[in-house]
Each structure stands twice: as C-alpha cells, then as structure tokens.
Amino acid sequence: MYSAMDYIYEIYREKSFTKAAQKLFVSQPALSASVKKVEDELGAELFDRHTSPISLTEAGKIYIEAAEQIYAARAALKERIDDINGLRTGEVTAGGTNFVSSCVIPEIVKNYSAKFPGIALNLVESNSEELKRLALAGGVDAVIDYDFDDTLFDITPLREEIIYLSAAKDSPQAKKFGKFALTYGDIKQKRETKAPAIEASMLAGESVLLLKKGNDMHDKAAKIFHESAVRPHVVLMLDQLMTSYTLSCKGLGMAFVPDTLIEAAPLKNAVYFRIMSPHAKRTLAIAKKKNKYAGKALTQFIIIAVESFNKK
C-alpha cells in the first residue's frame, strides 16, 4: 500500500505525473488528488507544473529531503529487525545502470537467491550519478558501478575492466584501422596484445557514439579525448551503453565498450580496438554509503557479489 509520500517521491523520480501513475498502478486523477491534499495541508506547492519536465519548488526540495531521511530511517530499522530473524526474512535494494543490471547483477541475484531464498531483492536502474545520490540518501542499500568517492562510500572492487572501441566490420573505421583490429575471440582469450593500440590522437574527426553526462563511460571518453586535445565527430549522445554498442556495429560510428559487455554480448558484425590511454580501464565495484549500518542481508549480498566474480 503506497502512501502520499511514496506518490510524491515517485513523481519526483519520474519527473512526470503520468509516468509515476503508471509505475504505481494508480489513476492519474487519484495521484494528483493525493498530491494536492498534501500541498493544501502544507500550504505550499511541491511541484512546478509549468516546467517540462516538471520540477520541484523550494518547498518540494525540502519535502523530498525529509522523505529521504524517513526512508533511510525505516530501512535502517528494518535491517536491524531482519538481523534478529537471522536471514530468514529481509530485503536488499541494489542499484545498477542498465548495463550492470543486464550483464552483471543477474548472476549475483541467482547466487544470492539460491542461498537466501527468504530475502527479497529489489533492483533500481538509473544512471551513475542518480544511483550514487540515491545511495547517499538511503534510497538504495548498495550500488554496483564505477568511480566511487571513497570519502563517501565503502567500496569493494569486483573486476578490473578494459575499455575498447567497437565498430562494424564493414565500416570506414574498420578499414582505416584494420591493423589494430581485434575479434571477440582475442578479447575472450585475453589476446588483446595481438594488435597494437590506437592512440587517441588518431581519432580526430572520426564518427563516435557517446553516452550522455551522468554516465561513467561518458567521463572516460571525455578524459581520453581531452588528454590528446582531440575533437571527434559525435554522431549521437545516448542513454544506454548497450544501445551505443549495438549502433556502432551497425556502422554508425565507434563506441566505447568495456570487455565485460563484449564477453556478455558478442556481436557478429563487430571488431574491437585497444586504446592507448590510462583512462581506457576502470574498476567495477559494489559500494554502500560510508558508515551505513550493514545488516546481515546486505553484508551477504556484498560477499556473494565478490564470490560471483571470483568464480569466473
């Protein structure tokens, strides 16, 4: 059963009354009426309905901050009660980007659920920036992602990734950089040194597909180009890593792709290129807010996440 606070928080997350109503399985008129009742009680509007997408008013920002504190307190209480139950019941909420949720988390969930069937697992998908904000606010227990601030998070590394450029076999880039090309088999068998690496300076003017700001791969690509003062031709700015990868293999341009994704989803028409840059690697990690109480359910989730990668 959802409360008015849940309604308001979901509208804030979705930035839309319509999308929030669909996600909560309530009618939009009922949702709007519930929000209006809270606004009347507070004597202030929580949302600016004249912006697109809708945004929070100053009163709305204060309300959301208080709501997140309440959610965090509830979660901490539940964790302590779950510990008393000895992992027979409980709940863990993990956050991941679309790529992590598709290629990384399923193995962890399978292993965890087999060992602790009584623990409910919830998954929140968003971009890196929003996931870390939610973790700090108490909206998720743990995030599987990259580039965490160790002053804010307790970080447990899972895997070192290498970032490649992907392109279609019949693309102009594949022909131009043919001597640098690697196959899926080369990467799977760790034969990435078979071909020389492309220098970032060689990518000037080349067609590339980038992720939007808020994604870790956007930041990596920006650093790679910045260190060589290179300005590529950006064909598209995308939300999802898998979309970027797929479109690159359709010949729309080169995309930055981690070996984790290449190994999980090899594409027949793809070739890959190593990049000569210290930024062409990253550490996949699971992290929780620093000093957050880690109940048995969350602790075991982190342990199993590590074990899931050690088995590979």
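The values are calculated or read from the model by the stated rules, or taken from the named source; none is laboratory data. From a predicted model like this one, the values you see are computed outputs, not experimental measurements. Quick reminder, even Gly has a Cβ in these numbers, built from the backbone with ideal geometry, and neighbours come from all protein chains shown.
Couple of notes before you dig in:
- Search result, residues across the range 104-131 that are crowded, with 22+ Cβ neighbours inside 10 Å and either in contact (Cβ under 8 Å) with a residue 40 or more places away in the chain or among the small types (Gly, Ala, Ser) (or both): 104, 108, 112, 128
- Summed over the range 213-270, the residues that are touching a Phe, Trp or Tyr at 6+ places or on another chain (Cβ under 8 Å) and without any contact (Cβ under 8 Å) to a residue 12 or more places away in the chain give a count of 0.
- Within the range 228-245, the set of residues being more than 20 Å from residue 203 (Cβ to Cβ) and assigned to a loop (DSSP other than H, G, I, E, B) comprises 239, 240.
- Residues of the range 101-136 classified as under 16 Å from the mean Cα position of the chain (by Cα) and of a type in the set (Gly, Ala, Ser), total: 5
- The range 110-142: number of residues that are of a type in the set (Gly, Ala, Ser) and part of a loop (DSSP other than H, G, I, E, B): 4
Yes/no matrix, rows are residues, columns are (1) in a helix (DSSP H, G or I); (2) over 17 Å from the mean Cα position of the chain (by Cα); (3) within 20 Å of residue 200 (Cβ to Cβ):
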{"site": "247", "(1), (2), (3)": "yes, yes, no"}
{"site": "250", "(1), (2), (3)": "no, yes, no"}
{"site": "257", "(1), (2), (3)": "no, no, yes"}
{"site": "260", "(1), (2), (3)": "yes, no, no"}
{"site": "266", "(1), (2), (3)": "no, yes, no"}
{"site": "279", "(1), (2), (3)": "no, yes, yes"}
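- When the residues of the range 1-35 are filtered to those that are in contact with an Asp or Glu (Cβ under 9 Å, 6 or more places away or on another chain) and of a type in the set (D, E, K, R), the one that is farthest from residue 140 (Cα to Cα) is 19.
- Close pairs (6 angstrom Cβ cut-off, 6 or more residues apart or separate chains): in a helix (DSSP H, G or I) in the range 44-66, surrounded by 16 or more Cβ atoms within 10 Å (Cβ to Cβ) and not aliphatic (A, V, I, L, M) anywhere: 60/47; 64/12
- Within the range 170-184, the set of residues being part of a loop (DSSP other than H, G, I, E, B) and either in contact with a His (Cβ under 7 Å, 6 or more places away or on another chain) or among the aromatic types (Phe, Trp, Tyr) (or both) comprises just one member, 177.
- Of the residues 68, 41, the single one that is closer than 24 Å to residue 91 by Cα and at pLDDT below 95 is 68.
- Residues located in the range 143-157, provided they are part of a strand (DSSP E or B) and surrounded by fewer than 20 Cβ atoms within 10 Å (Cβ to Cβ): 154, 155, 156, 157
- Lone qualifier among 287, 264, 200 - being at pLDDT 95 or above, small (Gly, Ala, Ser) and either under 30 Å from residue 72 (Cβ atoms) or out of contact with any Asp or Glu (no Cβ under 6 Å at 6 or more places or on another chain) (or both): 287
- Across the range 228-248, the qualifying residues are those that are closer than 20 Å to residue 283 by Cα and of a type outside the set (A, V, I, L, M), and the one among them that is surrounded by the fewest Cβ atoms within 10 Å (Cβ to Cβ) is 240.
- Annotation note: of 39, 91, 79, the sole residue that is buried (at least 16 other Cβ atoms within 10 Å of the Cβ), acidic (Asp, Glu), part of a strand (DSSP E or B) and touching a strand residue (DSSP E or B) at 6+ places or on another chain (Cβ under 9 Å) is 91.
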